[in-house]
Amino acid sequence: MGRHRLTGDRPYRLRQNKNRAIDVEFDMMPGKRISTKSWNMPDAIEFAESYLKKLGCIDVTATIPTLKEFASDFFTRRDQDSLYMHDKLYGHDISITRYEKCQDLLDNYILPQYGCMLVTAITARQIERWLPSINPVQKNKKTLSNETRNKILVTFRLVMDEVKKLGYRTDNPAKDVKLMSANAQEREALSPEITSTLFPEDLEKRIEVFGSTMWAAYFSIIYDTGFRPGEVAALRVKDVWKTPKGYAVSTSRTVNRNEGCIKDRVKTTGKGYKERTGLVFDDTAALIMRLIKEKNLTADDLLFTAPQRKDGLLMPEVSNKHFKCVLKKYGLYHKGLVQYCFRHTHTTEIRGDVSDDVLAVSMGHTKLRDDYDHQKAQDLIRRLDTARDGFFEFRKRQDKAPDIIPISQIVDEK
């Protein structure tokens, strides 16, 4: 039977059964019937109302909201019941920028499509069909990347999680929809042609390639160490070290491009090492010393700055733009080449010459990632060739008398 006439727009249905007590089925628990243990309709209604109050999930006097009514300012609210305050209470260090970006996705994509629908009426099938068909709001973009579509879906999941927590429904339809496969272009290692062009041994020529001592030192460090761009941008004079065999740099900070400030951590996920260390070649050290002298820097000064910003911070997008300009000047640029490729180059060039454990420390990983290694057949053969004797040792021993024998044999011979 449908919703009983006595229940009006209450969030439940009463079902009268022959020779059985009246059952109640709540909108937020579809398919689940609970016996009121009463054959009397007023008593059954009283049971249902008491049960709602006992749940304590929703205001039982309120009607079910539309998604727009529920989530119009979902990520920008700062009250005690907001997602922001919940994350803060549970110690989740999430930047304000991330909340703002989620609110933009909510306002530009989710609410225009589902804002007028009741939060209980949204289904996984609807979202599943809608997600691949989303068009970008920007007129200059033809299509959205799958990464952006996934960000929209994750934002939707966060909103519907709150809908579920407040008892309007027992499921999260956005979580029943799979993320789309990533279509981002894979990173690559820079070719020997590129690295030999960008990093000539003659430092005057290297400075000429990059346009200044600062840029030559910046990209020499990122090439030598495999540091992330934000980590290099946060280096201070006192982060450069003289060792018994050469020079090194270390940092526990990074320039965060989302918030436009320096964070006291080297990676946003919190995984891996808390501090980065890396070795630099003598020519890179010479460039660093020259930069310090040219700019008359002191111990606490940043090595690399951007004069166009008041705070002087060198943002990763600025250095990446300069990197692309240098590549284009020498006819070396193609789509997909970014400064982050230096991390892949670092692993590719060094792996096999040092142990994976040591290389992982240099990369700032607790365990070396294979997707950073782009070695080709010749490189792999070179690694195998260093262990050639071990591969054929067994064959050399075949025709020789065994050199490992039981001691009992020696005793018997004597």
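General observations
- Selected from Met160, Thr148, Tyr114, residue furthest toward positive end of dipole (segment 105-174; charges at beta carbon): Thr148
- For the peptides 231-237, 169-175, 196-202, the ranking by packing is 231-237, 169-175, 196-202, with the highest mean count of neighbouring Cβ atoms within 10 Å listed first.
- Using a Förster distance of 35 Å, the FRET efficiency for Lys37-Thr63 (Cβ separation, nearest 0.05): 0.80
- Given +1 at the Cβ of Lys and Arg, -1 at the Cβ of Asp and Glu and no other charges, the dipole of the chain around its Cα centre is 1340 debye to the nearest 20.
- Around the Cα centre of segment 65-108, unit charges on the Cβ atoms of Lys, Arg, Asp and Glu (plus for the first two, minus for the last two) sum to a dipole of about 60 debye.
- Over every Cα atom in segment 190-315, the radius of gyration and the widest Cα-Cα span, Dmax, amount to 14.3, 39 Å.
- Leading residue at positive end of dipole, the chain (Cβ point charges), from Thr347, Phe26, Leu198: Phe26
- Highest to lowest packing among 17-27, 282-292, scored as the average C-beta count within 10 Å: 282-292, 17-27
- The stretch between Asp176 and Asp282, if pulled fully straight at 0.36 nm per residue, gains 32.7 nm over its current Cα-Cα span.
- Taking all protein chains together, Tyr330, Tyr114 sort by accessible area into Tyr330, Tyr114, largest first [probe 1.4 Å].
- Using the Cβ-Cβ distance between Ala124 and Ile381 with R0 set to 41 Å, the FRET efficiency works out to roughly 0.20.
- When only the Cβ of Lys, Arg, Asp and Glu is charged (+1, +1, -1, -1), the dipole of segment 77-142 relative to its Cα centre reaches about 380 debye.
- At 0.692 mPa s and 37 °C, Stokes diffusion of segment 81-136 via Kirkwood alpha-carbon radius, µm² per second: 246 µm²/s
- FRET E, pair Thr305, Thr148, Förster distance 35 Å, beta-carbon r, rounded to 0.05: 0.60
- Taking amide H as placed 1.01 Å from N in the peptide plane, Ile262 has its amide H under 5 Å from the amide H of Asn256, each at least 5 places away in sequence or on another chain.
- Only one residue of Asn135, His86, Ala48 has its Cα farthest out toward the positive end of the dipole of segment 26-160, where Lys and Arg carry +1 and Asp and Glu -1 on Cβ, and that residue is Asn135.
- Alpha-carbon centroids, segment 103-152 and segment 333-358: separation in whole Å: 37 Å
- Normalising the average separation of contacting C-alpha pairs (under 8 angstrom, six or more residues apart) by the number of residues puts the relative contact order of the chain at 11 percent.
- Set against the 2.2 N^0.38 Å expectation for a compact globular protein, the chain has a Cα radius of gyration ratio of 1.47.
- Pairwise Cα distances in segment 28-145 exceed 16 Å for 75 percent of all pairs.
- Amide H to amide H, with H built 1.01 Å from N, Val280 comes under 5 Å of Tyr247, Ala248, Val249, counting only residues 5 or more places away or on other chains.
- The HN-Hα couplings worked out from phi for segment 212-225 by the Karplus form 6.51 cos²θ - 1.76 cosθ + 1.60 (θ = phi - 60°) are 6, 5, 4, 5, 5, 5, 4, 6, 5, 5, 5, 6, 5, 9 Hz, whole numbers, x standing for Gly and Pro.
The values are calculated or read from the model by the stated rules, or taken from the named source; none is laboratory data. Nothing here was measured: the structure is a model prediction, and the numbers come from that model. Glycine gets a Cβ as well: all are built from the backbone with ideal geometry, and neighbour counts include every protein chain shown. Heads up: the accessible areas ignore ligands, DNA and RNA and are worked out on the full protein's heavy atoms, side chains in. Shrake-Rupley method; radii C 1.70, N 1.55, O 1.52, S 1.80 Å.
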